[in-house]
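Read through the structure below, which is laid out as structure tokens, and then see the notes.
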Amino acid sequence: MKTVTVRASKTYDVQIGKGLLSSAGERLRALFSAPRKIMLVSDDTVRALWGDTLLTSLESAGYTVYEFVFPHGETSKTTDTIVALWEALAKANLTRTDLIAALGGGVVGDMAGFAAATFLRGIPFVQFPTTLLAMVDSSVGGKTGADLAVGKNLIGAFHQPSAVFCDVDTLQTLPPEIFADGCAEVIKYGYINDPALLQMLEKPFADDPEEIIARCVSDKRDLVEADERDTGARQLLNLGHTAGHAVELLSDFKISHGSAVAIGMVLMAKAAVAADLCDSDVPGHMERMLRQYHLPTTCSFTADALARVALSDKKRKGDSITLVLPDRIGNSRLHTVFADSLSAFLQGGL
Ligand code: NAD
Ligand code: GLY
């Protein structure tokens, strides 16, 4: 088992290993004495696969467990679900000494975290991420929230978890395309600032993911500790996401998030080369790496369409937008462009 400690506004451990769901009750008692109440939040798919393992472990450790389960998928990440969860918390009479346990991917973690940030003006929560994406990214760093009809993640709060338990056994039931989505985020860390990770990724890691997950969590930890509120260095985590979100939206979400991020990373690398801001070997290196993990690297959308959608994203600030551009293999930096020059810039990447 590996442990990464995050020292942000709250200090907490991210534990990565096998069998963590079945030992969760005992592990949690080191942080939160029993008896107390836990609201276990999950989606229907994950609840059916892994819910009993966690529930049994928590109850055996002396906790009283309530459950809130919603239909899987991004379409559930709404204010309606949040309201229903708040009501379930109130009905179960949870107090500020009780806690929420999020069991699932990023959708579950983001909403459970947002409910924890807001119910009674803040109660503790712990994360049990069950997708690769959630283990390496969304469960760490305290960004919580939900979508509005007009855009993703438009409401939210910073609220750090009290602990994160990444049970890698849960990855065994993950469909290959969802595992591949997570691989895009893993590869992203390498191109942000971790060339050694890129070396490690030359060897497939699906059968033994602990070391890679711990490495990504450490990379994210460093950026979160440097800039918890996302006003500077943390924005590097958006590598591939500005163009990627536009690709996702323009495809009507037929292109998955991870695939869109992969396309977005290559597009940005090529655009940076065209603007003389990046070594010319970066796009080819990225394309080879992404293909190795079954991820796409091109799309057929125009620069104008991508720019129009990207500029309606929350990453825009007034007349400008900050992009994340690789400048050499294993390093990226922030680069701000005027909104009206974004289309021409993206054209260089197509
Ligand atoms: P998700 O939570 O929708 O999970 C994807 C699918 O996999 C779901 O259908 C789910 O039921 C299923 N699933 C989950 N674990 C499984 C398992 N072990 N076995 C079988 N099926 C399983 O999506 P995701 O990709 O984990 O997360 C995406 C969400 O995360 C988005 O809403 C995104 O905005 C958010 N996100 C948040 C942050 C953050 O910092 N808070 C960072 C990145 C992404
Ligand atoms: N996933 C981006 C962030 O946590 O900042």
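The values are calculated or read from the model by the stated rules, or taken from the named source; none is laboratory data. On a predicted model such as this, the values are computed, not experimentally measured, just so you know. Neighbour counts run over all protein chains shown; Cβ positions are idealised from the backbone, glycine included.
One residue alone among ASP219, ASP208, ASP194, ASP181 is out of contact with any helix residue (DSSP H, G or I) (no Cβ under 6 Å at 6 or more places or on another chain) and either of a type outside the set (S, T, N, Q) or at pLDDT below 95 (or both), and that residue is ASP208. Is one or more of the residues making up region 73-87 among the acidic types (Asp, Glu), under 20 Å from the mean Cα position of the chain (by Cα) and either crowded, with 20+ Cβ neighbours inside 10 Å or within 23 Å of ASP167 (Cα to Cα) (or both)? Scanning region 73-87, I find at least one residue that is among the acidic types (Asp, Glu), under 20 Å from the mean Cα position of the chain (by Cα) and either crowded, with 20+ Cβ neighbours inside 10 Å or within 23 Å of ASP167 (Cα to Cα) (or both), so the answer is yes.
Among the candidates SER332, SER280, single out the residue that is polar (S, T, N, Q), touching a Pro at 6+ places or on another chain (Cβ under 7 Å) and at pLDDT 95 or above. Outline the logic, then answer.
Values: SER280 fails: touching a Pro at 6+ places or on another chain (Cβ under 7 Å).
After ruling out the rest, the residue left standing is SER332.
Sort through SER42, SER33 and tell me the only one that's at negative phi and buried (at least 22 other Cβ atoms within 10 Å of the Cβ). It would help to see each step written out before you state the result.
Working: SER33 fails: buried (at least 22 other Cβ atoms within 10 Å of the Cβ).
Result: SER42 is the single residue among SER42, SER33 that is at negative phi and buried (at least 22 other Cβ atoms within 10 Å of the Cβ).
For region 82-104, a tally of residues being touching a Gly at 6+ places or on another chain (Cβ under 9 Å) and either of a type in the set (Gly, Ala, Ser) or within 16 Å of ligand 2 (Cβ to nearest atom) (or both) returns 1. For region 175-207, name all the residues that are over 17 Å from ARG221 (Cβ atoms), surrounded by 15 or more Cβ atoms within 10 Å (Cβ to Cβ) and among the acidic types (Asp, Glu). Selection gives ASP181 alone. Pairs are defined by a Cβ separation below 7 Å, a sequence spacing of at least 6 or placement on different chains, a first member in region 124-142 that is more than 18 Å from GLU74 (Cβ to Cβ), and a second member that is aromatic (Phe, Trp, Tyr) and within 13 Å of ligand 2 (Cβ to nearest atom); the pairs so defined are GLY142/PHE158. Look at (1) within 25 Å of PRO175 (Cα to Cα); (2) within 12 Å of ligand 2 (Cβ to nearest atom); (3) out of contact with any Leu (no Cβ under 9 Å at 6 or more places or on another chain) and you find that THR231 fails only one, number (1).
Could you please find all residues in region 116-140 being outside any helix (DSSP H, G or I) and surrounded by fewer than 24 Cβ atoms within 10 Å (Cβ to Cβ)? Talk me through it step by step, then tell me what you get.
The first filter runs over region 116-140 and keeps only residues outside any helix (DSSP H, G or I), leaving 122-131, 139-140.
Within region 116-140, GLY122, ILE123, PRO124 qualify.
Of all residues in region 235-256, none are basic (Lys, Arg) and more than 19 Å from GLU74 (Cα to Cα). Filtering GLY145, GLY113 for residues that are within 15 Å of ligand 2 (Cβ to nearest atom) and buried (at least 24 other Cβ atoms within 10 Å of the Cβ) leaves a single hit, GLY113. Please count how many residues of region 121-143 are over 12 Å from the mean Cα position of the chain (by Cα) and on the phi > 0 side of the Ramachandran plot. Total meeting the criteria: 2. The single residue among ALA112, ALA146, ALA90, ALA101 that is among the aliphatic types (A, V, I, L, M), under 21 Å from the mean Cα position of the chain (by Cα), outside any strand (DSSP E or B) and more than 8 Å from ligand 1 (Cβ to nearest atom) turns out to be ALA112.
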